[in-house]
Amino acid sequence: MISIEDPFWVAVDMRSGKQHVFVSDFDNDRIQKFSNTGTFIRKWGSTGTGNGQFNHPQGVAVDSSGNVFVVDGNNDRIQKFSNTGTFIRKWGSTGTGNGQFNSPDGIAVDKSGNVYVSDSGNNRIQKFSSTGTFIRKWGTIGTMSLSSMSESLPNNSGEQLNPFASNINK
């Protein structure tokens, strides 16, 4: 049996009839590839900061060509691999500027090959080309005052004062 320690993210390669499954193996600092029935195919990565190494890989996504993008969370970067795990490129560093990250975790690729990264520590989404060229960013940290919180709480009659606060039930 293959060891997976804290599987953090799963992505499926939909371009082939085989639908391979990629798993970010968070605590083992590697990516594992399986068939869609769970048969182990291969793994790559080790602990470190070099090309193809990880410090707690998180998000993983597959583009329409089968390339695999991995959020290397604690190294504050994105790494791109072939479908068989060959390192292609990396981008990003620690910081708040364009193309920099602070605890990135999620990733997605659109049908045009653009890469979207949730940059959690910087409270934003960043968009890149498939080669890592920064395109744009959006989002900022939000604030919530105590007065706005009280508007979301139910009043004494059990009615909700703020209809948009759907997480509070009667």
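The values are calculated or read from the model by the stated rules, or taken from the named source; none is laboratory data. This is a predicted model, so every value here is computed, not measured. All Cβ positions, glycine included, derive from the backbone under ideal geometry; neighbour counts span all protein chains shown. Heads up: the accessible areas ignore ligands, DNA and RNA and are worked out on the full protein's heavy atoms, side chains in. Shrake-Rupley method; radii C 1.70, N 1.55, O 1.52, S 1.80 Å.
Numbers at a glance
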| quantity | calculated |
| --- | --- |
| Meets criteria (modelled with pLDDT under 90 and either touching a Gly at 6+ places or on another chain (Cβ under 6 Å) or surrounded by 11 or more Cβ atoms within 10 Å (Cβ to Cβ) (or both)) for Gln19 | yes |
| Thr49 vs. criteria assigned to a loop (DSSP other than H, G, I, E, B), touching a residue at least 12 places away in the same chain (Cβ under 8 Å), open to solvent by 50 Å² or more (accessible area, probe 1.4 Å) and over 18 Å from Phe128 (Cα atoms) | yes |
| Any pair with Cβ under 6 angstrom, 6 or more apart, that starts in the stretch 103-124 at a residue that is among the basic types (Lys, Arg) and ends at one that is assigned to a strand (DSSP E or B) | Arg124/Lys137 |
| Any hit, the stretch 87-98, residues being under 24 Å from His20 (Cβ atoms), assigned to a loop (DSSP other than H, G, I, E, B), open to solvent by 40 Å² or more (accessible area, probe 1.4 Å) and of a type in the set (Gly, Ala, Ser) | no |
| Subset of the stretch 28-42 (residues that are closer than 16 Å to His56 by Cβ and either part of a strand (DSSP E or B) or open to solvent by less than 20 Å² (accessible area, probe 1.4 Å) (or both)) | Asp29, Arg30, Ile31, Gln32 |
| Subset of the stretch 64-82 (residues that are of a type outside the set (A, V, I, L, M) and open to solvent by less than 20 Å² (accessible area, probe 1.4 Å)) | Gly66, Phe69, Asp72, Gly73, Asp76, Arg77, Gln79, Lys80, Phe81 |
| The one condition in (1) out of contact with any Gly (no Cβ under 9 Å at 6 or more places or on another chain); (2) among the acidic types (Asp, Glu); (3) surrounded by 14 or more Cβ atoms within 10 Å (Cβ to Cβ) that Asp25 fails to fulfil | (1) |
